[in-house]
Amino acid sequence: MRFIYPQMPFVLLFFILYPGICAVAQHQSGYCHIPQSHIEGKTTVADPAEENYDIRYVKLNLNMTNASTVLSGDATTGALVVSASLPVYVFELDSAYNIDSVLIDGVSQPVTSAASLRSVSLAIALPGGSMFTAQVFYHGACTTGLGYFGINSVASGIAGQNVTYTMNEPYYASEWWPCKQSLHDKIDSSDVWITVPGNLKVGSNGLLDTVMVIDTGHVRYQWKERYPIDYYLISVAIYPYTEYAYYMHFTGSTDSMLIKNYVYDNTALVSYQPVLDNLAAMINYFSSLYGRYPFWKEKYGISQAPIGGGGMENETMTTIGSTDPVIMAHELGHQWFGDNVTCGTWSDITMNEGYASYTEDLYRDHFNSHADMISDMQSKQSSVEVWGPGTIYVTDTTSVSTLFSGTFTYNKGACVLHMLRHVIDNDSAFFAVYRAYQSAFSGGTGTILDFRNTLKSQLGATINGINIDSFYNQWYFEEGLPVYNINWNQRGNDVWMQITQNTSVPASVSLFNIPIDVQFQSGSGDTTIRVIIDSNAEFFHFTWANSGITQVVLDPDSWMVYQLDSITMDSTLNIRQTTRHALKIEPNPAATQWTVNGLMPGTDLQLTDLTAREVWRGNSGTSGQLVIPAQDLAAGLYILKAGNDAITGIYKLVKK
């Protein structure tokens, strides 16, 4: 889901319900650090009895129009009993609807209601392991009045006609169909049959199987989805649309895929067509990063609706109100992150929105320019740096505005992925983790920690000197960001630098252990060094042939989220006031290898025995980490010399 929200200081109104404008809440002042043991979140299951069955199939067979939210028809659910027995079938359907009857395996059963919670008591309890079919006949009309969530019928602004469309995320599917709102219980397959007046078209999930003529005035659109789908991604959009469809081909393959779009009319098509035509290139490019588009045997497309500048990533057919290609990229990114692999809990919603938000920047970088990407990343980083405490991991899932926080769920989520990319420092490895995660959890759900564990299994628990568990804890589950002060001095070819790090929420994180780049600029050239910050005060010394530093720039390529208090030229700073930048060497003693962390870029390393005979030589290159092999060495004491741009250091290593 993508909201367009204005840049306002301190507070953003949750919804500004003027035509074409939708904004998400940013009530940041109430955020505080809550230990995970005290998290209380909304479960999307209205009653524990819903967990007694597992949904395998859903079919909606409804009569609808674009003029109102009035509907009638039936919904069929095929499910497996996963408890010892099922004496009561429980589901959700908004109280605005009247239930005409409920059939369990074709037999009418009594139903009772408590608001939106509906319970069907079975004459004979169904045994565990048995399949059953529940068919609910109902009619009525429901609307939240928000013109966004749930089921809506809103004027399109074209010829005075309404569009009827659904927006289920996170807890609003029950406003139009009888459902179980559980993220974990993905529906194996589904059919959406919608009967409408003959002048209308219906957009929905999967492939359009047929358009059946019902009578002289009505047709039925029969959509079939054969990929797993979460409850909140089943959708409809109804309007006298103009259809625009074509086929795309994947690079290096003869496979083709349908792109099928519904826009208001030919005038709208003129506006949309350039970006609709570019969907093929976008799908092809993101497939190269994330793995092939997961629903390629069906389709991708959009249904236009009056939802301002945002969109909703309904599986295989996004409901969207914008021609902005960046918004298109965001919603397309959701087909991997949100639809194929859905967030495991609503607390992990950044697994949908943070990844889709970073997809925007990957789009900008590839299709626009790197400068455009950097500009947008800086905007995201600035929004994170302005707001106060809060975590990406959502601790209050009862609040829709907190779930869809532009600052934390979207922007900080994207920024942390960008920082992780910087830590890995290898795009091939970075996107290989994406593909491994998509493959491992395809058709299911995944959490922040699931992605972390995939990362660790692919690249290791420590990457370029950064402990991945610590990185995830600090950036996803804790609060705040680093705050830097930098002092520097140059005399001839000698440069000294002191980096002091405080944090914006020290009670949560006292030190962020991250790599950060520092650029030294002069009239005769610039150089950038990468250092790993692993204490609150770090001292560095190196030699640089270019004299006359004109400026020192922190994070020149905008990788990181931080606050900068000052960068100061301090003529009193010199080598007598600094200490050597110590390396971390583990394990020591070692049996097979030593791992050296905290290296400056370009550091030469030499290992000798006690007779000064060289037994190994290496260079750190651009990495802060290097492995020294030990398995072929005799047991005993060795001397490691580390030097070049950094102060030369001598370390004693022991081979067991």
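Structure notes:
- Within segment 203-259, being out of contact with any Lys or Arg (no Cβ under 9 Å at 6 or more places or on another chain) and not in a strand (DSSP E or B) holds for S204, T216, G217, Y232, L233, I234, S235, V236, T251, G252, T254.
- N284 falls short on exactly one of the conditions (1) buried (at least 19 other Cβ atoms within 10 Å of the Cβ); (2) in contact with a strand residue (DSSP E or B) (Cβ under 8 Å, 6 or more places away or on another chain); (3) on the phi < 0 side of the Ramachandran plot, and that condition is (1).
- Among the residues of segment 384-396, at least one is surrounded by fewer than 22 Cβ atoms within 10 Å (Cβ to Cβ), of a type outside the set (K, R) and closer than 22 Å to Y148 by Cβ.
- Tabulated pairs, segment 546-558, first farther than 10 Å from D526 by Cβ, second part of a loop (DSSP other than H, G, I, E, B) and of a type in the set (F, W, Y), C-beta under 9 angstrom, 6+ apart or interchain: L554/Y562; D555/Y562
- Considering segment 93-103, the residues that are surrounded by 19 or more Cβ atoms within 10 Å (Cβ to Cβ) and either closer than 16 Å to Q135 by Cβ or hydroxyl-bearing (S, T, Y) (or both) include one that is nearest to the chain's Cα centre (by Cα), namely L93.
- Listed by position, the strands (runs of 3 or more DSSP E) enclosed by segment 109-154 that each have at least 2 residues that are crowded, with 17+ Cβ neighbours inside 10 Å are 117-127, 131-140.
- Flag if L93 is farther than 30 Å from A237 by Cβ and touching a helix residue (DSSP H, G or I) at 6+ places or on another chain (Cβ under 6 Å): no
- In summary, A440 fulfils each of the numbered conditions (1) touching a residue at least 12 places away in the same chain (Cβ under 8 Å); (2) more than 24 Å from I229 (Cβ to Cβ); (3) aliphatic (A, V, I, L, M) with the single exception of condition (2).
- Every pair of residues 6+ apart whose Cβ atoms lie under 6 Å, when the first sits in segment 485-506 and is farther than 11 Å from T568 by Cα while the second is among the hydrophobic types (A, V, I, L, M, F, W, C) and in a strand (DSSP E or B): Q490/I549; V495/F542; T500/A537; Q501/I533; N502/V483; S504/V483
- Restricting segment 164-200 to residues that are over 23 Å from V213 (Cβ atoms) and of a type in the set (A, V, I, L, M, F, W, C), the residue that is surrounded by the fewest Cβ atoms within 10 Å (Cβ to Cβ): L183
- Of all the listed residues (G465, G444, G480), the sole one being closer than 23 Å to G291 by Cα and small (G, A, S) is G444.
- Selected residue [under 30 Å from L362 (Cβ atoms) and over 29 Å from the mean Cα position of the chain (by Cα)] from D570, D526: D526
- In segment 265-311, the residues that are at pLDDT below 95 and of a type in the set (S, T, Y): T267, S271, Y272
- Yes/no for G78 being without any contact (Cβ under 8 Å) to a residue 60 or more places away in the chain and either closer than 30 Å to K201 by Cα or of a type in the set (K, R) (or both): yes
- Options A630, A545: the member that is more than 30 Å from S383 (Cα to Cα) and touching a Lys or Arg at 6+ places or on another chain (Cβ under 6 Å): A630
- Among the residues listed as V518, V509, the single one being assigned to a loop (DSSP other than H, G, I, E, B), at pLDDT 85 or above and of a type in the set (V, I, T): V509
- Taken together, the residues in segment 396-415 that are assigned to a helix (DSSP H, G or I) and among the β-branched types (V, I, T) amount to 4.
- For G460: the one exception among (1) in contact with a Lys or Arg (Cβ under 7 Å, 6 or more places away or on another chain); (2) within 29 Å of S535 (Cβ to Cβ): (1)
- For segment 469-484, filtered to residues that are in contact with a helix residue (DSSP H, G or I) (Cβ under 8 Å, 6 or more places away or on another chain) and without any contact (Cβ under 8 Å) to a residue 40 or more places away in the chain, the residue that is farthest from Y393 (Cα to Cα) is D469.
- For S439: the one exception among (1) surrounded by fewer than 18 Cβ atoms within 10 Å (Cβ to Cβ); (2) touching a Gly at 6+ places or on another chain (Cβ under 7 Å); (3) not in a helix (DSSP H, G or I): (3)
The values are calculated or read from the model by the stated rules, or taken from the named source; none is laboratory data. Values in this document were obtained by computation on a predicted structure and should not be read as measured data. Cβ coordinates were reconstructed from backbone atoms using ideal geometry, including for glycine residues, and neighbour counts include every protein chain displayed.
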